[in-house]
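First the structure, in the form of C-alpha cells, and then the observations on it.
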Amino acid sequence: MTEKQKALIEAKANVLKALGHPTRLWMSEQLADGEKCVCELAASIDADFSTVSKHLLVLKQAGVVADEKRGKQVYYSLRVPCILNFMPCVEAVIKAKAEEHLNLL
C-alpha cells in the first residue's frame, strides 16, 4: 500500500468512525432534512448543549458537517449530503443477517 492509499483509507475510516456512534449517526440523519441548530438537536434527544456540541465537533472534524454561527445560535448542515447514501446498503446487510438468523430457526 502506498502512502497516498494509506492516507485515503485512514481518512475514510475517520469519517466512518465519526458516523459510528448512534447519536452522531442520528444527528447526521436529522441534518439530511436540512440544517438545524444545536438547540433543536439537543431538545430532540433530551441532551444538554455541551454533549450535542461535542458530538457535532467530532462530525465537523471528520468533514461530515459544516457550521454557521448566527447570533448566539450555531446551525449545522451536512457538508456533503450524499454521505448517507450508503444507508440503504447498510439496512440491506441488517435485513440479510436477520433473514439468515430466521432461517436457522
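The label point for A98 and the one for R79, both projected 7 Å from the Cα toward the Cβ, are 3.3 nm apart.
Could you order the peptides 57-64, 95-102, 79-86, 28-35 from most to least packed, using the average number of other C-beta atoms within 10 Å per residue? Please list the in-between numbers first.
Values: 57-64: 17.4, 95-102: 9.4, 79-86: 13.0, 28-35: 15.0.
With the highest mean Cβ count within 10 Å placed first, the list reads 57-64, 28-35, 79-86, 95-102.
Of K17/K95; K17/K97; K4/K69; K4/K60; K12/K54, which pairs sit farther than 25 Å apart, going by alpha carbon to alpha carbon? Over 25 Å apart, Cα to Cα: K4/K69. With both labels modelled 7 Å from their Cα along Cα-to-Cβ, the A43 to T23 distance reads 1.9 nm.
Grab the alpha carbons of the chain, take their convex hull, and tell me the volume per residue in Å³. Please report the intermediate quantities before stating the final value.
Working: hull volume 14.3 nm³, N = 105.
So the per-residue Cα hull volume is 136 Å³.
Based on Cα coordinates alone, diagonalise the gyration tensor for segment 51-105, multiply each eigenvalue by 5, take square roots, and list the semi-axes in whole Å, largest first.
Details: eigenvalues 262, 30, 13 Å².
Its equivalent ellipsoid spans semi-axes of 36, 12, 8 Å.
Over the chain, what relative contact order in percent results from Cα pairs under 8 Å that are six or more residues apart? Result for the chain is 26 percent.
None of the figures in this text is laboratory data; all of them are computed from the coordinates on show. Quick caveat, the model's predicted, so the values are computed rather than measured. Neighbour counts are summed over all protein chains in view; Cβ atoms, including those assigned to glycine, are modelled from backbone coordinates with ideal geometry.
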